[in-house]
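The values are calculated or read from the model by the stated rules, or taken from the named source; none is laboratory data. Quantities reported herein were computed from a predicted structural model and do not represent experimental measurements. Reconstructed Cβ throughout: ideal geometry from the backbone, glycine too, with neighbour counts over all protein chains shown.
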Amino acid sequence: MPTENIPDDSTTAHTVAPASDPGETAVVDADAASAAAQDAPAAEPAAMSDETTQAPAATDVPVNHGVETTGKSSDAPDEPQQPTFAELGVDGRVLAALDEVGYEYPSPIQAATIPALLSGRDVVGLAQTGTGKTAAFAVPALSKLAELSDLHGPQRSTRVLVLAPTRELALQVAEAFGSYATHLDDFTVLPVYGGSSYGPQLAGLKRGAQVVVGTPGRVIDHLSKGSLSLDDIAYVVLDEADEMLRMGFSEDVEKILAQTPTEKQVALFSATMPKAIRRIAQQYLRDPQEITVKAKTTTGTNTRQRYMQVMGPHKLDAMTRVLEVEDYDGVIVFVRTKAATEEIADKLKARGYTAAAINGDIPQNLRERTVDSLREGKIDILVATDVAARGLDVERISLVVNYDIPHDTESYVHRIGRTGRAGRKGEAILFMTPREKYLLRAIEKATRQPVEQMRVPTTDEVNQTRKDNFAQQIEETIESEDLGLFREMVERYESEHDVDAVEIAAALAVIAQNGRPFLVEDLPEVPQRKRDRERREGDGPRNRRSPGEEAGMRTYKLAVGHRDRVVPGAVVGALTHEGGLNGSQIGAIDIRPTFTLVGLPENLPAGTLDKLSTTQINGAPIRIQEDRGPGGGGARGGARFKGGDRGPRNDRGGYRGDRGGGRPRGGGTSYQDRPRKKSYDKFNGGYSGR
């Protein structure tokens with residue numbers, strides 16, 4: 001299918017100023033682009049259509065050749081100076097998904113890049129990892145796919161190709177596409193990478209995927225097999241291009257580009273611009289707009305930064321343990337979404353902390369009163385989103401907790417800048433899953449400081465701290481309070497009931513606990529994984545473990561298996577959509593011929609099994625129950641999938657939420673008894689919605 005013709009500058013009414021020579025790139029100031037985009041009317045997304053159309057132009061912005069800029073953001077949450085995603089011209093369905101995942105305002109590279117790509121321009125983006133560049137190219141691509149679907153109906157051919165240097169990055173990019181596409185109909189993204197079985201990838205390509213994200217070597221393999229066609233490609237992204245060249249993929253990248261249509265849009269992102277990258281840009285990009293954005297790198301040297309690897313279900317326990325053993329005054333806890341601010345604040349209050357939430361939905365006068373309460377010591381913990389905390393300067397803030405990892409390094413720098421100000425000492429703690437650890441290098445580069453690893457405080461440490469605090473309270477009370485009345489009451493009780501004073505004191509301590517346990521219990525340990533050989537494209541088989549071997553996990557048995565055409569993504573889809581579980585709560589999945597074993601938390605939320613009692617996969621009831629040991633199903637060795645925070649190993653998954661009507665496509669999973677909202681789950685490696 002032909003792609004749209006990208007308009008020349010001479011035929012476009014409002015375009016970014018072209019470079020002086022056709023082969024020269026234009027460098028745009030990201031801050032100027034951000035400000036200009038806010039003042040300009042929202043652009044309509046360009047369609048990758050069969051007709052030759054003139055795409056809407058990018059917003060007029062000043063062109064500053066050779067200028068590198070540092071993104072700035074407003075400190076006033078009620079008067080943001082940067083544009084919104086809607087003002088950039090993003091499709092409404094993509095906007096809804098962005099809101100759900102916690103994006104409030106675009107980062108500098110997003111504000112500069114999205115309008116250019118929506119206008120049809122090729123783009124060279126010079127940006128480090130962690131600046132938000134994935135959304136910068138995924139959001140406009142999805143906006144164009146949405147319009148294409150509106151114009152011509154559902155598409156099965158591959159329209160977008162993203163090349164990434166490693167399978168880890170390919171999975172992350174595919175996950176991002178899926179999370180931004182939850183409101184798009186008939187959309188599929190498929191990651192293809194080395195070290196994974198060809199079978200599921202071949203099946204996924206045969207079914208059709210509008211977006212393919214792959215490593216160069218595996219993409220070449222599929223091109224050689226004829227399983228991947230680039231005939232209808234309209235949008236190509238080279239992500240971390242300098243890294244691909246450093247790893248020796250230059251020849252593969254050029255071979256792939258040579259097989260794409262002449263009429264296409266190309267976005268190239270690279271941290272540096274060596275001669276080889278410049279040559280590729282000159283050969284395969286047409287009059288590209290060059291956007292250079294540096295993440296903020298200013299942060300107080302008085303702030304010690306640490307990170308902790310902790311899975312989602314254990315974050316709250318980990319944080320409260322930190323709060324128990326760490327010395328702090330005021331605390332800000334950063335989360336991604338508005339709903340999470342209220343949820344976490346309520347849970348902290350239920351555990352005895354003085355906490356409050358601020359987010360973009362809270363009126364300004366209430367926000368000011370809440371901040372004043374923190375400043376005056378009436379509350380100790382503020383749970384906030386990035387935008388709501390802008391401009392916040394409270395002297396007593398000594399600890400920042402990044403409960404949810406930020407979308408980009410600029411947000412991280414802004415977050416930890418709430419402490420360690422004006423010469424004061426500060427602490428910043430970052431919660432991350434093992435999969436998110438790749439961001440550490442970008443954070444350390446942005447802050448120019450090391451981020452130390454820390455562990456969750458042990459049960460013994462927390463309990464000893466509680467005992468010490470209890471003893472200190474006794475000492476302070478004896479020294480500062482008039483105990484006459486209570487001493488008289490205790491002495492009278494001791495005399496009348498012949499009970500030792502120590503027993504009476506212990507009883508009073510129990511009363512003071514008000515039914516709450518004084519000592520904490522052990523937490524399930526975070527599963528420790530061997531470090532992936534992530535800088536290679538392929539690797540050998542991994543040692544396998546049964547689903548219940550991870551600490552804090554228990555094995556459950558599902559009465560469906562290979563004979564029912566079950567794939568890991570279908571299992572994840574059923575457990576998350578029907579059972580209400582989070583993806584991070586799902587452990588290893590072991591599919592056998594007649595049944596499936598899956599690891600789930602020992603402390604499974606109440607009612608989960610009841611919710612799953614009528615769940616079906618491919619029309620077969622799963623009849624979930626705790627596994628009691630070896631049972632029918634044949635020999636070990638079926639498809640295994642590592643859940644938790646990992647991406648797929650050997651299957652696309654293919655969870656499909658049925659949206660009514662139409663026929664299910666072969667090989668996928670369809671809940672056909674009632675409508676389902678489609679979704680992408682990072683565990684199934686392939687998003688598909690009906």
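What are the residues in the range 372-384 that are at pLDDT 90 or above and surrounded by 16 or more Cβ atoms within 10 Å (Cβ to Cβ), if any?
Once the filter is applied, which keeps residues that are at pLDDT 90 or above and surrounded by 16 or more Cβ atoms within 10 Å (Cβ to Cβ), the range 372-384 yields 374, 379, 380, 381, 382, 383, 384.
What residue, of 121, 167, is out of contact with any helix residue (DSSP H, G or I) (no Cβ under 7 Å at 6 or more places or on another chain) and over 27 Å from residue 412 (Cα atoms)?
Values: 167 fails: over 27 Å from residue 412 (Cα atoms).
None of the others qualify; the one that does is 121.
When the residues of the range 327-348 are narrowed to those that are crowded, with 16+ Cβ neighbours inside 10 Å and among the charged types (D, E, K, R), which ends up modelled with the highest pLDDT? Break it down stepwise before answering.
Filtering the range 327-348 for residues crowded, with 16+ Cβ neighbours inside 10 Å gives 328, 330-338, 340-342, 344-345, 348.
Those left that are additionally among the charged types (D, E, K, R): 336, 338, 342.
Values: 336: 88, 338: 87, 342: 91.
It comes out as 342.
As an exercise: evaluate residue 232 against (1) surrounded by fewer than 21 Cβ atoms within 10 Å (Cβ to Cβ); (2) acidic (Asp, Glu); (3) touching a strand residue (DSSP E or B) at 6+ places or on another chain (Cβ under 6 Å) and give the number of the one condition it does not meet.
Answer for residue 232: the failing condition is (3).
Would you pick out the residues in the range 247-298 that are of a type in the set (D, E, K, R) and within 28 Å of the chain's Cα centre (by Cα)? Break it down into steps so the answer makes sense when it comes.
Of all residues in the range 247-298, those of a type in the set (D, E, K, R) come to 251-252, 254-255, 263-264, 275, 278-279, 286-287, 290, 294, 296.
Those that are of a type in the set (D, E, K, R) and within 28 Å of the chain's Cα centre (by Cα): 290, 294, 296.
Output the number of residues of the range 440-459 satisfying the condition of being over 21 Å from residue 313 (Cα atoms) and part of a helix (DSSP H, G or I).
To start, the set of residues in the range 440-459 that are over 21 Å from residue 313 (Cα atoms) comprises 440-452.
So of that shortlist, the ones also part of a helix (DSSP H, G or I) come out as 440-447.
Total meeting the criteria: 8.
Out of all the residues in the range 349-366, which are among the basic types (Lys, Arg) and either surrounded by 21 or more Cβ atoms within 10 Å (Cβ to Cβ) or in contact with a Ser or Thr (Cβ under 9 Å, 6 or more places away or on another chain) (or both)?
At the first step, the residues of the range 349-366 found to be among the basic types (Lys, Arg) are 349, 351.
351, the sole residue that qualifies.
Looking only at the range 281-301, count how many residues are crowded, with 21+ Cβ neighbours inside 10 Å and modelled with pLDDT of 90 or more.
Total meeting the criteria: 6.
Does residue 465 fit the bill of being touching a residue at least 60 places away in the same chain (Cβ under 8 Å), of a type in the set (S, T, N, Q) and assigned by TED's automatic domain parsing to the domain that holds residue 319?
On the way: touching a residue at least 60 places away in the same chain (Cβ under 8 Å): yes; of a type in the set (S, T, N, Q): yes; assigned by TED's automatic domain parsing to the domain that holds residue 319: no.
No.
Could you check residue 482 against (1) surrounded by 11 or more Cβ atoms within 10 Å (Cβ to Cβ); (2) in a loop (DSSP other than H, G, I, E, B) and say which number it fails?
Of everything listed in (1) surrounded by 11 or more Cβ atoms within 10 Å (Cβ to Cβ); (2) in a loop (DSSP other than H, G, I, E, B), residue 482 misses just condition (1).
Does residue 598 meet the test of being assigned to a loop (DSSP other than H, G, I, E, B) and at pLDDT 80 or above? Talk me through it step by step, then tell me what you get.
Numbers: assigned to a loop (DSSP other than H, G, I, E, B): no; at pLDDT 80 or above: yes.
No.
Between 139, 212, 173, 219, which is in the same structural domain as residue 253 (by TED's automatic domain parsing) and outside any helix (DSSP H, G or I)? Quick ask: steps written out before the conclusion?
Working: 139 fails: outside any helix (DSSP H, G or I); 173 fails: outside any helix (DSSP H, G or I); 219 fails: outside any helix (DSSP H, G or I).
One residue alone meets the criteria, 212.
Give the residues of the range 142-158 that are part of a helix (DSSP H, G or I) and within 26 Å of the chain's Cα centre (by Cα), sorted by residue number. Full working, then the answer.
If we filter the range 142-158 for residues that are part of a helix (DSSP H, G or I), which is where we start, we get 142-152.
142, 143, 144, 145, 146, 147 - these are the residues of the range 142-158 that are part of a helix (DSSP H, G or I) and within 26 Å of the chain's Cα centre (by Cα).
Taking the range 566-597, which residues are touching a residue at least 60 places away in the same chain (Cβ under 8 Å) and over 24 Å from residue 189 (Cβ atoms)?
587 - this is the single residue of the range 566-597 that is touching a residue at least 60 places away in the same chain (Cβ under 8 Å) and over 24 Å from residue 189 (Cβ atoms).
Just to be sure I understand the filter: pairs with C-beta atoms under 7 Å, separated by 6 or more residues or on different chains, first member in the range 239-255 and assigned to a helix (DSSP H, G or I), second member aromatic (Phe, Trp, Tyr). Which pairs pass?
241/269
Could you give every pair whose Cβ atoms fall below 7 Å, whose first residue belongs to the range 386-407 and is within 18 Å of residue 304 (Cβ to Cβ), and whose second residue is among the polar types (S, T, N, Q) and buried (at least 20 other Cβ atoms within 10 Å of the Cβ), counting only separations of at least 6 or pairs across chains?
397/419; 398/419; 399/419; 400/419
Which residues, taken from the range 392-414, are charged (D, E, K, R) and crowded, with 22+ Cβ neighbours inside 10 Å? Please lay out each step first, then the result.
The first filter runs over the range 392-414 and keeps only residues charged (D, E, K, R), leaving 393, 395-396, 404, 408, 410.
The answer is 408, 410.
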